[in-house]
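Asker: The following block contains the structure, expressed as structure tokens.
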């Protein structure tokens, strides 16, 4: 198996865009490094994830652990150590087991959970709702190892606004309005309790098992807890719009009465705006950037509709 051929075009584009000085050397050593990990971890690689975007995921079997996933995030990407930190420190029992880490290539050995037929959205929602009672206030160590949500929002928003100002492209210029709303809405969270959150807990990162769900792919933020629900809500309405009342009911189910609806909705719309801003730096196509700008507008439309009912 020629391992570097398993890296998706989207991942290659992202890495070359963001890390042009490191990526060629990393790619040149990729095959040999994967073979080294196979030997070191006792893993036989049997397949790969075709649509991975920020790294590569190989599937196989471990002599010690059974079915495993080898997730490779380049050592020069800040995603790697933030993700490792979250696997080790998030307080949730739903976190996928992390067996080993290799910092030379940038790889994690994780439990492999195959996709289940007939996934149950109720089980996934229940898993997200259960996270609130397991939350922990962010520690000094958390503050050192993962970013504050509002800092990331400020950085990606500023970058998006520069792009909008430099191009004036009508396809995505309206994202500036969502950014303005997000920045103002974020001020309302200034005094909120800060927790270590997964930060990417949407339905696709919840893998069903017989006895529950496992969370994978944490980003890690120090943030008000409402932003843990936000990612699930934003993904739920991304591709297929939900009726306003259905969306309201989902927001209420996820939050379980642990926060005012207004707070939940604002966190959701802020987070969709942040994710839309990310499309300028994640190797997305022009069409994807324009879609994301519309997605952010739709998120704020939900807020407006639900705050006036």
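Asker: Is it true that residue 279 is at pLDDT below 95, more than 12 Å from the chain's Cα centre (by Cα) and outside the structural domain of residue 79 (by TED's automatic domain parsing)?
Answerer: no
Asker: Now, a different point. Considering only segment 1-91, give the strands (runs of 3 or more DSSP E) lying wholly within it that have at least 2 residues that are closer than 18 Å to residue 214 by Cβ.
Answerer: 56-62, 66-72
Asker: Within the bounds of segment 230-240, is there any residue that is closer than 21 Å to residue 122 by Cβ, modelled with pLDDT of 95 or more, over 12 Å from the mean Cα position of the chain (by Cα) and not in a loop (DSSP other than H, G, I, E, B)?
Answerer: yes
Residues are listed down the side, and each one gets a yes or a no for (1) assigned by TED's automatic domain parsing to the domain that holds residue 231; (2) buried (at least 18 other Cβ atoms within 10 Å of the Cβ); (3) within 24 Å of residue 203 (Cβ to Cβ):
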residue	(1), (2), (3)
90	no, yes, yes
93	no, no, yes
106	no, yes, no
131	yes, yes, yes
142	yes, yes, no
146	yes, yes, yes
149	yes, yes, yes
152	yes, yes, yes
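Asker: Across segment 267-287, what is the total count of residues that are crowded, with 19+ Cβ neighbours inside 10 Å and farther than 18 Å from residue 52 by Cβ?
Answerer: 11
Asker: List pairs: first residue in segment 285-309 and under 18 Å from residue 183 (Cβ atoms), second residue at pLDDT below 95 and assigned to a loop (DSSP other than H, G, I, E, B) anywhere in the structure, Cβ distance under 8 angstrom, at least six positions apart or on different chains.
Answerer: Pairs that qualify, where the first residue is under 18 Å from residue 183 (Cβ atoms) and the partner is at pLDDT below 95 and assigned to a loop (DSSP other than H, G, I, E, B), are 292/284.
Asker: For residue 297, which of the numbered conditions (1) farther than 16 Å from residue 224 by Cβ; (2) within 17 Å of the chain's Cα centre (by Cα) fails to hold?
Answerer: The single condition residue 297 does not satisfy is (2).
Asker: Let me ask something else about it. All but one of (1) surrounded by fewer than 21 Cβ atoms within 10 Å (Cβ to Cβ); (2) in contact (Cβ under 8 Å) with a residue 40 or more places away in the chain hold for residue 242; state the number of the condition that does not hold.
Answerer: (2)
Asker: Here is a further query. Give the number of residues within segment 177-201 that are on the phi < 0 side of the Ramachandran plot and surrounded by 15 or more Cβ atoms within 10 Å (Cβ to Cβ).
Answerer: Selection size over segment 177-201: 16.
Asker: Filter segment 82-99 down to the residues that are within 17 Å of residue 139 (Cα to Cα) and out of contact with any strand residue (DSSP E or B) (no Cβ under 8 Å at 6 or more places or on another chain), then identify the one that is modelled with the lowest pLDDT.
Answerer: For segment 82-99, the residue satisfying everything is 82.
The values are calculated or read from the model by the stated rules, or taken from the named source; none is laboratory data. From a predicted model like this one, the values you see are computed outputs, not experimental measurements. No Cβ is skipped: glycine too gets one built from the backbone with ideal geometry, and neighbour counts run over all protein chains shown.
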